[in-house]
Each structure stands twice: as structure tokens, then as C-alpha cells.
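Notes follow the structure.
The values are calculated or read from the model by the stated rules, or taken from the named source; none is laboratory data. The structure displayed is predicted, hence computed values, not measured ones. Note that each Cβ is placed from the backbone with ideal geometry, even for glycine, and that neighbours are counted across all protein chains shown.
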């Protein structure tokens, strides 16, 4: 994984949230001028915040779930354009969280998230494998299976 030193490094914690039926929670973004896409919960680390701290905070802010995110299960370093339009070099750390309650509370979303995160839903594996809109990370099914003892 090579970093592009010309881009801002965007450190982020992402959460693969699984329910009792192993469905995956995803959020749909509708960004003007771009095709809709689905992503896991999570977001950028605050200054001085660890990936683990950011994972716990983002889980609560985006889902209303207060839980321990557990150990990091994967790291990706993609370059992408943020919803604000900035090209960044990302350092994304993924955490897997299992939950019993599937009720999602989006009341803590920021104004930007309220505008752009238009839906959330629990996806089955087969739905994720063959969804008609972009899903990120693309290798989410392999990431779920990785070290799957949680």
C-alpha cells in the first residue's frame, strides 16, 4: 500500500455492523453529480483520536449503538473524492461489530450527513454480492469472513 504524499491523509474508522442474521448495515449516499453509493458506518478521525476511539464515536453518532467496536479486522488505503469534493489519500481501518438490535437512530447525524445519507438498510450477503449500485468497500464480503470468530 503506497501513500500519495501530495494528498491529504484522511484517517478514518469504518464499521462493519452485523445483526443476528449476519446482515450488514449500509448507508446510501446521494451526492449531487454522482451516482448513488452505499458504505459502511464510520468516518474521519478527529485530531488526536485513535482509530478505535473514532470507531466507537462514529458507531454511536451514525447508528445510535453504544458498543465496543472490537479489534481492527482490515485496513484499506484508497484514494477517493470525499462527498465535499476533496481528493484524499485514505487510511481506513475496519472494525466488525455484532448487534442484536437492528433499530438505527440517525438523530446524531451532522447536517451534511442528514442531506446526503438518504437511506440505511440491512443487506444479506447475496444482496451485497449482486447490488445494482456501488458498494464500498468492494471486498466487504471477504472482510466479513476474515478472521470470522467474532
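Candidates are the residues of the range 134-147 that are in contact with a strand residue (DSSP E or B) (Cβ under 8 Å, 6 or more places away or on another chain) and modelled with pLDDT under 90; the one that is surrounded by the fewest Cβ atoms within 10 Å (Cβ to Cβ) is 147. Here residue 69 meets the list (1) surrounded by fewer than 20 Cβ atoms within 10 Å (Cβ to Cβ); (2) touching a strand residue (DSSP E or B) at 6+ places or on another chain (Cβ under 8 Å); (3) over 18 Å from residue 118 (Cα atoms); (4) at pLDDT below 95 almost entirely, failing just condition (1). Scan the range 121-130 for residues that are surrounded by 13 or more Cβ atoms within 10 Å (Cβ to Cβ) and in contact (Cβ under 8 Å) with a residue 24 or more places away in the chain and jot them down. Those that are surrounded by 13 or more Cβ atoms within 10 Å (Cβ to Cβ) and in contact (Cβ under 8 Å) with a residue 24 or more places away in the chain: 121, 122, 123, 125, 128.
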